[in-house]
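Participant: Submitted below is the structure of interest, expressed as C-alpha cells.
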6 protein chains.
Amino acid sequence: MKLGLINPNTSPEMTAAMTGAAEEVTSSGTELVALTASDGPASIDGYVEDLAGANAVVALAHEHGSTLDGLVIGCFGDPGLAAARELLQVPVAGAAQAAMMAAACLGHRFSILTTLDSGVPLLENVVRHYGFQETCASVRAVGSDVATSCSDPELATPAFAAAGRRALTEDGAEVLCLGCAGLSELRPGLEHELGVPVVDAVPAAVSQAESLVRLGLRTSKSRGFRGPTSAALPEAGEPAAL
Amino acid sequence: MKLGLINPNTSPEMTAAMTGAAEEVTSSGTELVALTASDGPASIDGYVEDLAGANAVVALAHEHGSTLDGLVIGCFGDPGLAAARELLQVPVAGAAQAAMMAAACLGHRFSILTTLDSGVPLLENVVRHYGFQETCASVRAVGSDVATSCSDPELATPAFAAAGRRALTEDGAEVLCLGCAGLSELRPGLEHELGVPVVDAVPAAVSQAESLVRLGLRTSKSRGFRGPTSAALPEAGEPAAL
Amino acid sequence: MKLGLINPNTSPEMTAAMTGAAEEVTSSGTELVALTASDGPASIDGYVEDLAGANAVVALAHEHGSTLDGLVIGCFGDPGLAAARELLQVPVAGAAQAAMMAAACLGHRFSILTTLDSGVPLLENVVRHYGFQETCASVRAVGSDVATSCSDPELATPAFAAAGRRALTEDGAEVLCLGCAGLSELRPGLEHELGVPVVDAVPAAVSQAESLVRLGLRTSKSRGFRGPTSAALPEAGEPAAL
Amino acid sequence: MKLGLINPNTSPEMTAAMTGAAEEVTSSGTELVALTASDGPASIDGYVEDLAGANAVVALAHEHGSTLDGLVIGCFGDPGLAAARELLQVPVAGAAQAAMMAAACLGHRFSILTTLDSGVPLLENVVRHYGFQETCASVRAVGSDVATSCSDPELATPAFAAAGRRALTEDGAEVLCLGCAGLSELRPGLEHELGVPVVDAVPAAVSQAESLVRLGLRTSKSRGFRGPTSAALPEAGEPAAL
Amino acid sequence: MKLGLINPNTSPEMTAAMTGAAEEVTSSGTELVALTASDGPASIDGYVEDLAGANAVVALAHEHGSTLDGLVIGCFGDPGLAAARELLQVPVAGAAQAAMMAAACLGHRFSILTTLDSGVPLLENVVRHYGFQETCASVRAVGSDVATSCSDPELATPAFAAAGRRALTEDGAEVLCLGCAGLSELRPGLEHELGVPVVDAVPAAVSQAESLVRLGLRTSKSRGFRGPTSAALPEAGEPAAL
Amino acid sequence: MKLGLINPNTSPEMTAAMTGAAEEVTSSGTELVALTASDGPASIDGYVEDLAGANAVVALAHEHGSTLDGLVIGCFGDPGLAAARELLQVPVAGAAQAAMMAAACLGHRFSILTTLDSGVPLLENVVRHYGFQETCASVRAVGSDVATSCSDPELATPAFAAAGRRALTEDGAEVLCLGCAGLSELRPGLEHELGVPVVDAVPAAVSQAESLVRLGLRTSKSRGFRGPTSAALPEAGEPAAL
C-alpha cells in the first residue's frame, strides 16, 4: 500500500526526520510518500500557524489523494484532519489522535510533552476534541520552541525528562506522548530514563493508517465527511488559497 | 467604537444582509466596518470551506485589525476565531459562541437550526468546544443548503419552523439559534409561529463585541493567544496590531 | 431602556459601588434603577445568605419588574436568577454567568477570585451549573470576607493579586473574574500587576442585559421559566410583568 | 433517634401522606417529627415555589434542628438542602438525592416521573447537580400538577404508568423514581404494572437519614457547610424573611 | 432481615473485623451472615486480585443468595457487584458505592484514602463508573499495602492522617472515605485528628442494604441485570435465587 | 511476531471464525496463536459470563504470555483486559477498545450493534470506561443472542441491517461496530447495504496489537498495571480458580 505522510510545515529536515522514524515501523509492502508543505511556517506553534498547516494538508491531500491508499498528518495538533477526511475516501490518521489512542492502550492515564507553554491550550483543545479529557493526565511544556528542541535532541532531552518526571509523579501519568513531530530521537533516552512507554506520534499515526487500510476501512461519507462541493476545492496543483 | 464584521465567504449579498441585521442592534457611536472574503467559497457548508473561511478571517484580521476596536466573525461555525484572537489584542466575537451564550441566558436548553444535515457534526463539535453540550438540546438541519435558504427566506421559513417545532417538542429546547449567518429575515416569523425566542447569531456577536469593548476588556495575551511569531503572519498588509 | 440592578444584600455602600461601576459601561439612553434588598444580610457568603439574597431578588423583581426592560442580579452567586427568569418576561442577567461568559471569550481558561474559602464550593456549583467546568481553571479564595475586602480595596489588592498569580501560574488561567460584586476598584490594579484581563462581574452583567434587550430577546416562557402560579408570588406589589 | 421530616409546602394532607409512607420504613426506635411549612405555596412546581420551600426548610431547620438527630427534606427538588446542611451539624437527607442514590443501586439507569412538563428543567438541574446525568435516563412529566396527581392516585396511575413505560422502552430506564413527595400510593400499582422497582423518594430519604445517623456521621463543617454567620439566621420562632 | 456480608478475600481476620464494625450499625432484627472467600488472595490490591474477589462474590452469592434478604460486598473496589446484581433479585450493596454515596451527603467533595499507589487507577475507574468524578476530590494512597495497614492500625494512622490532611488542604475534600475494608479501627482517630467525617465503607454498605430491604426495593430484572442463563452459573450449590 | 488471540468463551467454532477473520488482516511475519477458554460458557452475554471470560483471559495470558509478543482479547466486552495488562509486559488489545478507536477515525460518531437488549448496559459501561460516551451515538441490540446470530449470518443480516439503519438515521451514527466477536461474515453485506464503514472488532484488535508491537511499545508498569503479587496468579498450567 501507498501512504502519504504530510509534514504540514516547510522544514525538509522535519520531513526527513519523521519519514525516517516512520519507515522503521511500516511493514514490508508499505510505501511512504513524504509530502512537505510548499509554503507556510517552518514550524507550527500556535493557531495561525496551525491554520497554515491545515491549508498545506488540504492542498497536498487534494493533489495526491487519488494516488494514495491512506494519509497521515505528521504534526501533533492534527491540522486539517477533518478537512482531509472530508476530502478523501481513504483513511486519514492524525499524529495526535493516533498517539493518544496508542497511549490509552498502555496505561491508565497519559501526559503529553510539548514545546512551548503557549501551545498547551491548543493541545488541551485537541485532547478534549477526541474525548481524552479523562485519560490525559496533563499537557506539559518544556519551555523551548519546536525548532530548538528538534535541532539538538541531546540538549533537549533533560528538559523533556524533567517535564515527563513531573507528569508521572504529580499528574498521575503512566505513559508519555511526544507532542511534536520532530522529536523521535528523544524517545529511547526518555524511555530509558523514566521507565515508562513513550509514544512517538508520527510512527503511531503511520501504523494506524496502515492498520485501517489493512482492515479495508474507509472514511464514512454518510454525513459530516460527505465531501465538499467542488467550489471548496483548491485548484489542482496550486497552493491552497490563503 | 469601530467594529469589524467579517463575512468569511465571498457573497456580497450575505455581507449586506448580516451588516443590515447587525446595524439594527448597535448603539449610536458604534461604526460597523463590513469586510468580505476576497476569495474562497460563496457559502460555508463543511470542513474545507470552514478552513477557507478561517483563512479569510486571518487575512482580514491581519489587514484591518490595527484600525479596529473589536472584531466579529459573521459565520455560525466561527471559522478562524482562535487564530483571530491570537492575532489581535482587541476582543473578537464569534457568531456561534455569542448566539449560544445569549440563548443560554433565555432558557434551560437551546437548539440550533442549520441548513444541511452534513453540517451537523461540525456544529456539534463547535457546541462541545464551547462547553455547551449539556445546554444544547440538539442541532437540527432543515435539509437545504445555505444559498437556497438565504435566497428565499419566505420559502425557507416552513422548513425552519418544522425543524424548530421538533426541537421544542422532542428535544426539550426552549430557545432556538439560527445556525447560519444569512437568515435574519426568518427570525420574526419563527418567533411568531413558535412562541419562543430565536437568536440571530451575527447581531448577537456584534452586540457581544460592543459589550466587551465597552467593558474595557481585551484578549488575554498570557498564554494560548499570546500571538504568532512573525513567520506565521500572512505577508500582505501591516503587522498585526499588538 | 431601563434596567433594574439588584443588590441582593442590604448594604447601601455596596449598591452605590456596583451602580457606579455599572454606569461607566452603559450606553447613553440606558437608565439604571438601583434596587437594594430591604432586609437580609449585609453581605452574602454562604448558602443561607444566598437564599436570603434570592428572596430579595424575587421580591424586588416582582415589585419592579413591570416597569423594567431588563434586570441584573448584582451578586456573583446569582441568587434567585432562575426564579427571576421565571417571574419576568424581560431578560435577566446574573453577575456570575455574565462574567464567566465574557471571560470565556478572552482566553482559554479563567479563574474566579473570591473572598472566603468556605464560599468556594458554592461557586464551584455555580460554575458547573452554567457548564463552565472545563473552562474554569479554578476558584481561589483570598481568605478575608466580603465586607473586609470591599471596605479597603487598597488593603485587599495584594491578597487578590497573590491569588490571581497562583491561578495564572499553577492552574492555567489566562483571565480572572472578580467573584464578588463590590470589588470594582481592585480591577485596574490587578490588570496592571498581573497583565491579564480581569472581568468585573456586575458591569459585565449590566452590559449583557443591555445587549439582550437591544437584540429584542426575552426569556423563553415555553417550559422551565413558564411562570409561577399566582399562589407562588410574594403578596406585596403588583402582579409580575407577564 | 429523632428525625425531622419537613414538608416544605403548607399542605397538611401532603405532610400526613409522606409521614405515613415514611413510618412504614423506619426501624423501631426512630421517631419521626413531622414539620410543615407555616406559609408559602400548597405545592411546589417551579423556581419561585422552590425558593419558598427552601425558606420553610431553613426556618424549620433553624427552629427544630437542635432537638433532632437528623433531618429529611420531603420534596423531590430538595429545596434548601445545602442551606440546611450549612445550618446543622446532624445529617440532612433530601428526597431527590436519596431516591436517585437508591435507584442507582438497582439498575443501570433510572428515570424520574414528575407532574408538569414545566418542572422538568428544574429536576434536570437537580440530576446534574448530584452528578447523575449519565445514570438518569430521563425526566418525564405526566402532564398534570402535583395537587391533582396527589388528590386522586387512582386517577393518576394510568398517566404515570404510561410515562414510566416510555421511560423503560424508549429511554433505557430500568428503575423509576416518583419525582414528587405525595405519590406513595401509586407505587405498588406501578411496580405491579411495569415490573420494575419504583422508588418512593421520601421514605428513601428518611431511611438514608436513619442510616447516616446510625453510622455516626455528621455533616462536614470544614468548608462549604461551615455554617452561616449569625446575621444570616432567621430570628428564632419567626418565619424566614421573604 | 438476613444480610449476607461477603469478604471477597480469604482472610478470616478481615472478615471478623468488617463484621464487627458492621454489627455496630445494624438495627435490631438484622442478622449478618459473614461469608469469606474459600480461595483466592488474602487481600485485594490489583486487577487480577479484584477478579479473584469477583469470583468469590459470584460463588458465594450463588450459594447463599436464596436464603438472604440482601447482600453486601465488603471490599472497596466492589468486585463482582454487577454480576451479583445480575444473579440475585434481592438488593446488593457495594462498599465503595455506598461509602461514596454517604460521603456525597456530608460535604461538597470527598477523597478516598487507599493503601498502595498502584491501586489508585482501579479506584479512579470505580469513581467514574458510579458517576462521582466531579464529587470525588482525589484518591490518595498512603504507600503501604492492605495487610500492613490492617495488621497494625495504630502504626497506620499517621500515614492515613497525613494523606487525609493533604486531601483536605490541597484537593478540596471535606469528607474522607476509607478505601479499604479492614480499616475500621482507624476511623475514630482520623475523625478526631482531622475534624471531618470519615466514612467506613463496609458499615455504610451494610446500612445501605438494610435500607434498601426496608424500602421493599429489589434489583431491576428488566434489562442489564436480567439474570444469566443457566450455562453461566457456577456448578456448585443450588440455582441462584430468581 | 507472535500474537495470542484469546476467545474467552469455549466455542471452537467462534475461535475458528475470529481467527480466520483476523488472519486476513495480519501482515506477513505475524503468527496468530489461537487460544480458547478451556471452561466457562459457550458465549458471553452478561456480567457473570463476562467474569467467566475474564477468568479465561487471565489463565491463558498467564500460561502463554511469556511466549507472545502481544495479546488480543477476542470478545467485544473486553473481559479481563485490565487484568491481562497487569499480568503482561507485552501490549494487550481488546476487541471493543480497538474497534471503537478505529471507528472514531472514520466518522463523527459510531454506533455499536449487539445481540441482546440485556447486553446494552454492559456495553454502555464499556463505552464510558474508554471515554467514548460523546463519540458513541448508541448501542443498539438486534434482539437475538450471540449463538443464533453467529450460527446463521444470512439469517442475522436483516436484523443487523435494520438496527444499523436506525443508528444512522435516528442516532446520528456515521460508522458501525459489530459488537460481538463472531459476526465477521455479516460485515460485507452490511457495508454494501448501508453504505457506511462497518468495523469488525477482532481484526481491528489484532491489527492494533500488531501496530503496538511494531511501534516497540509495551504496557506501562509504573502504576496501575504494575503487576500482581505472585499470590494473585493462577497456578501455572491450571485453569483459573473460579
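Participant: May I ask for the accessible area buried between chains E and F, both sides summed, probe 1.4 Å, to the nearest 100 Å²?
Facilitator: Details: alone 10950 and 11080 Å², together 19350 Å².
Protein heavy atoms only, the E-F interface buries about 2700 Å².
Participant: With everything on Cα atoms, drop me the angle between helix B:120-129 and the longest principal axis of chain B, reported from 0 to 90° to the nearest 10.
Facilitator: 60
Participant: For the protein assembly as shown, what is the mean residue ellipticity at 222 nm derived from helices alone (per DSSP H run of n ≥ 4: -39500 (n - 2.57); sum divided by total residues; nearest 500 deg cm²/dmol)?
Facilitator: Values: 54 runs with 624 residues, N = 1452.
It comes out at -13000 deg cm²/dmol, rounded to the nearest 500.
Participant: Provide the per-residue ³J(HN,Hα) series for the stretch F:49-55, in order, calculated from phi with Karplus coefficients 6.51, -1.76, 1.60 and θ = phi - 60°, each as a whole number of Hz, with x at glycine and proline positions.
Facilitator: Residue by residue, the stretch F:49-55 yields 5, 4, 5, 4, x, 5, 4 Hz.
Participant: Classify the stretch D:89-133 as rounded, prolate or oblate, taking a ≥ b ≥ c as the square roots of the eigenvalues of its Cα gyration tensor: rounded when a/c is under 1.5, otherwise prolate if a/b is larger than b/c and oblate if not.
Facilitator: Oblate, because a/c is 1.5 or more while a/b does not exceed b/c.
Participant: Moving to a separate point now. How do A:160-171, D:4-15, C:190-201, A:103-114 rank on mean C-beta neighbours within 10 Å, highest first?
Facilitator: Ranking the peptides A:160-171, D:4-15, C:190-201, A:103-114 by packing returns A:103-114, D:4-15, C:190-201, A:160-171.
Participant: Taking each residue of A:167-176 in turn, how many C-beta atoms of other protein chains fall within 10 Å of its C-beta, and what is the average?
Facilitator: Counting other chains' Cβ atoms within 10 Å and averaging over A:167-176 gives 3.
Participant: Continuing with this model, one more query. Give, as a single signed number, the net charge of other residues whose beta carbon lies under 13 Å from the beta carbon of residue C:31, with Lys and Arg counted +1 and Asp and Glu -1. Provide the component values of the computation, followed by the final result.
Facilitator: Details: positive: C:2; negative: C:23, C:69, C:210.
For residues surrounding residue C:31, the net value is -2.
Participant: Just for the stretch E:1-83, what percent of DSSP beta bridges are antiparallel, to the closest 5?
Facilitator: If I count the DSSP bridges inside the stretch E:1-83, around 0 percent turn out antiparallel.
Participant: Averaged across the residues of D:194-206, what count of C-beta atoms belonging to other chains lies within 10 Å of each residue's C-beta?
Facilitator: What the average comes to for D:194-206 is 3.
Participant: On to the next question. Ignore the peptide's own chain and count Cβ atoms of other chains within 10 Å of each Cβ in C:106-112; give me the average, rounded.
Facilitator: Other-chain Cβ atoms within 10 Å of each residue's Cβ, averaged: 5.
Participant: Another one. Can you run phi through the Karplus equation (6.51, -1.76, 1.60; θ = phi - 60°) for the stretch B:131-139 and list ³J(HN,Hα) in whole Hz, with x for Gly and Pro?
Facilitator: x, 9, 4, 8, 9, 8, 6, 5, 10
Participant: Ok, one more. For the stretch C:1-125, how big is Rg over Rh, using alpha carbon atoms and the Kirkwood form of Rh? Spell out each step's value before the answer.
Facilitator: Details: Rg = 14.2 Å, Rh = 14.8 Å.
My calculation of the ratio gives 0.95.
Participant: Given Cβ point charges of +1 (Lys, Arg) and -1 (Asp, Glu) and nothing else, what value in debye, to the nearest 20, does the dipole of chain C about its Cα centre take?
Facilitator: Around 920 debye, computed over chain C.
Participant: Still on this structure, please answer the following. Under 13 Å from the Cβ of residue A:136, count the other residues' Cβ atoms, weight Lys and Arg +1, Asp and Glu -1, and hand me the total. Please list the in-between numbers first.
Facilitator: Details: positive: A:109, A:128, A:140; negative: A:124, A:134, A:171, A:174, C:134.
Every neighbour counted, the sum reads -2.
Participant: Each residue of the stretch B:82-88 in order: what ³J(HN,Hα) in whole Hz does its phi give by Karplus 6.51 cos²θ - 1.76 cosθ + 1.60, θ = phi - 60°, with x for Gly and Pro?
Facilitator: 5, 5, 5, 5, 5, 6, 10
Participant: Please label the shape of the stretch C:45-99 as rounded, prolate or oblate, based on the square roots a ≥ b ≥ c of the eigenvalues of the alpha-carbon gyration tensor (a/c under 1.5 means rounded; beyond that, a/b larger than b/c means prolate, else oblate).
Facilitator: Oblate, since a/c reaches 1.5 and b/c is not below a/b.
Participant: Additional query: Suppose R0 equals 30 Å; then what is the FRET efficiency for residue E:28 and residue E:152 from their Cβ-Cβ distance, rounded to the nearest 0.05?
Facilitator: It comes to 0.35.
Participant: Under the rule a/c < 1.5 gives rounded, and otherwise a/b versus b/c splits prolate from oblate, where does chain F land using the Cα gyration tensor?
Facilitator: The shape class here is prolate.
Participant: Tell me, how many Å apart are the Cα centres for the stretch D:100-161 and for the stretch F:112-127?
Facilitator: The two parts, judged by their Cα centres, are 25 Å apart.
Participant: Okay, moving on. Largest first, what is the accessible-area ranking of E:62, C:129 with a 1.4 Å probe?
Facilitator: Correct descending sequence by accessible area is C:129, E:62.
Participant: If you don't mind, another one. How far, in degrees from 0 to 90, does helix F:153-170 lean away from the longest principal axis of the Cα atoms of chain F, to the nearest 10?
Facilitator: Tilt relative to chain F: about 70 degrees.
Participant: Let me ask something additional. Quick one: which residues, 5 or more positions from residue D:5 or on another chain, have an amide H under 5 Å from its amide H? H modelled 1.01 Å from N in the peptide plane, none for Pro or chain starts.
Facilitator: Placed amide hydrogens put D:33, D:34, D:35, D:72 under 5 Å from residue D:5.
Participant: Enumerate the lysines that residue E:221 could reach by cross-link, defined here as Cα to Cα under 22 Å, with residues fewer than 8 away along the same chain left out.
Facilitator: Of all the lysines, those that pass the test against residue E:221 - Cα under 22 Å, at least 8 places apart if same chain - are E:2.
The values are calculated or read from the model by the stated rules, or taken from the named source; none is laboratory data. Note that this is a predicted model, so its numbers are computed, not measured. Neighbour counts run over all protein chains shown; Cβ positions are idealised from the backbone, glycine included. Areas reflect the complete protein model, heavy atoms only, side chains present, ligands, DNA and RNA absent. Shrake-Rupley method; radii C 1.70, N 1.55, O 1.52, S 1.80 Å.
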